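The values are calculated or read from the model by the stated rules, or taken from the named source; none is laboratory data. The structure displayed is predicted, hence computed values, not measured ones. Ideal geometry is used to build each Cβ from the backbone, glycine not excepted, and the neighbour counts take in all protein chains shown. Ligands, DNA and RNA are excluded from the accessible area calculation, which covers all protein heavy atoms including side chains. Shrake-Rupley method; radii C 1.70, N 1.55, O 1.52, S 1.80 Å.
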Amino acid sequence: MPFLGQDWRSPGWRWVKTEDGWKRCEPFSPALEDGNNQLNDISHTVILTGDDEDEEIYSTEDCEFAAKKRKKDHFRNNTDSQCFYREKWIYVHKESTRERHGYCTLGEAFNRLDFSSAIQDIRRFNYVVKLLQLIAKSQLTSLSGAAQKNYFNILDKIVRKVMEDQYNPRLIKDLLQDLSSTLCILIRGVGKSVLVGNINIWICRLETILLWQQQLKNLQMNKQVNNGLTLSDLPLHMLNNILYRFSDGWDIITLGQVTPTLYMLSEDRQLWKKLCQYHFAEKQFCRHLIPSEKGHIDWKLMYFALQKYYPIKEQYGDTLHFCRHCSILFWKDTGHPCTASDPNTCLMPVSPQHFIDLFKF
């Protein structure tokens with residue numbers, strides 16, 4: 001006998017305990033509240049179809065179905081709302097089972113993990129940008145229509161954030177450069193049907209990317225006027241400690257261009273040696289020793305030389321985590337409904353590359 005109705009194996013509804021008992025809570029838009037209330041109040045109402053003789057009576061169950069359909073159509077047509085899930089986690093399954101049908105996709109992960117809101121968090125911003133950059137390099141041909149839409153909506157929000165806040169424009173420039181280069185190569189191979197969707201849509205997207213690149217190129221940093229304590233007023237040992245906290249060589253060079261004192265500190269051999277030792281193994285930089293004119297090792301040149309041959313160690317303020325017990329991917333500070341006796345022993349941080357690998361089939 002076929003099972004009709006909502007699958008009992010699905011996550012189910014969210015229930016809220018009130019004074020009158022438990023009530024079902026559904027996420028919906030405030031704009032639909034009045035219309036839905038009116039629709040839900042209709043019970044056994046007579047609706048005319050045009051002719052007075054032809055009448056059709058809808059039951060309460062039919063009205064609930066119509067209300068659900070209106071909500072679904074609203075969210076489908078509303079391109080501004082990328083995510084309306086309250087839970088910021090997703091169950092990762094790569095094959096169909098008797099309990100679960102279908103697969104998890106990148107498009108679904110973009111929604112369920114709420115990447116649109118994640119870019120507003122400074123701890124997650126670099127993580128999401130790096131993830132989009134890896135997708136641009138290797139996964140564009142496998143993106144579905146929904147995943148493409150979510151990808152470029154998130155990218156649009158990232159560019160707007162950088163234009164408004166001037167936050168880390170170099171990182172976004174690298175992302176757009178990789179994306180435009182990949183698209184140019186793929187569009188040339190349109191005869192091989194390497195991209196999902198209409199080629200004209202991809203050409204429009206490429207034009208948008210080139211426009212973003214031009215806007216970032218013309219971006220002028222706002223000069224901040226502050227009559228209080230500035231970076232130059234800090235003692236040398238504090239400035240030196242700040243430089244030792246950077247994990248990116250380009251950030252050190254950029255900071256060294258602010259004042260002559262910072263430039264002197266940014267050229268310290270010991271600083272670049274520590275940076276090389278942090279990112280690369282001893283065997284790696286022993287193969288590419290670059291001596292200076294004085295016979296010492298030029299650790300600054302060593303860092304950028306090694307960067308061409310080996311990947312640098314990634315460092316993020318916040319990352320996604322994967323629970324091996326529940327097979328759930330989630331942001332660590334939001335948590336997930338874990339059933340393990342000791343959840344902390346099941347957690348595993350997920351790098352951007354590992355995230356992509358989870359959704360490869």
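Here the condition is being under 20 Å from residue 105 (Cα atoms), surrounded by 15 or more Cβ atoms within 10 Å (Cβ to Cβ) and modelled with pLDDT under 80; of 285, 359, it holds for 359 alone.
The set of residues in the range 313-333 that are in contact (Cβ under 8 Å) with a residue 40 or more places away in the chain and more than 15 Å from the chain's Cα centre (by Cα) comprises 313, 314, 315, 322, 326, 327, 328.
I'd like the full set of residues that are in a loop (DSSP other than H, G, I, E, B), modelled with pLDDT of 80 or more and surrounded by 11 or more Cβ atoms within 10 Å (Cβ to Cβ), limited to the range 203-231. If the condition is that a residue be in a loop (DSSP other than H, G, I, E, B), modelled with pLDDT of 80 or more and surrounded by 11 or more Cβ atoms within 10 Å (Cβ to Cβ), then 219 is the only one that fits. The set of residues from the range 142-161 being of a type in the set (Val, Ile, Thr) and either within 10 Å of residue 119 (Cβ to Cβ) or not assigned by the TED database to the domain that holds residue 118 (or both) comprises 154, 158. The C-beta contact set for the range 130-155 (first residue farther than 21 Å from residue 170 by Cβ, second residue assigned to a helix (DSSP H, G or I) and among the small types (Gly, Ala, Ser), distance under 6 angstrom, 6+ apart or interchain) comprises 144/107; 146/107; 147/107; 150/107. In the range 288-300, the residue that is least open to solvent (accessible area, probe 1.4 Å) out of those that are in contact with a strand residue (DSSP E or B) (Cβ under 8 Å, 6 or more places away or on another chain) and outside any loop (DSSP other than H, G, I, E, B) is 297.
Considering the range 301-344, and only residues there that are under 21 Å from residue 90 (Cβ atoms) and among the hydroxyl-bearing types (Ser, Thr, Tyr), the residue that is surrounded by the most Cβ atoms within 10 Å (Cβ to Cβ) turns out to be 319.
Considering only residues in the range 232-256 that are under 23 Å from residue 273 (Cβ atoms) and of a type in the set (Asp, Glu), the one that is least open to solvent (accessible area, probe 1.4 Å) turns out to be 248.
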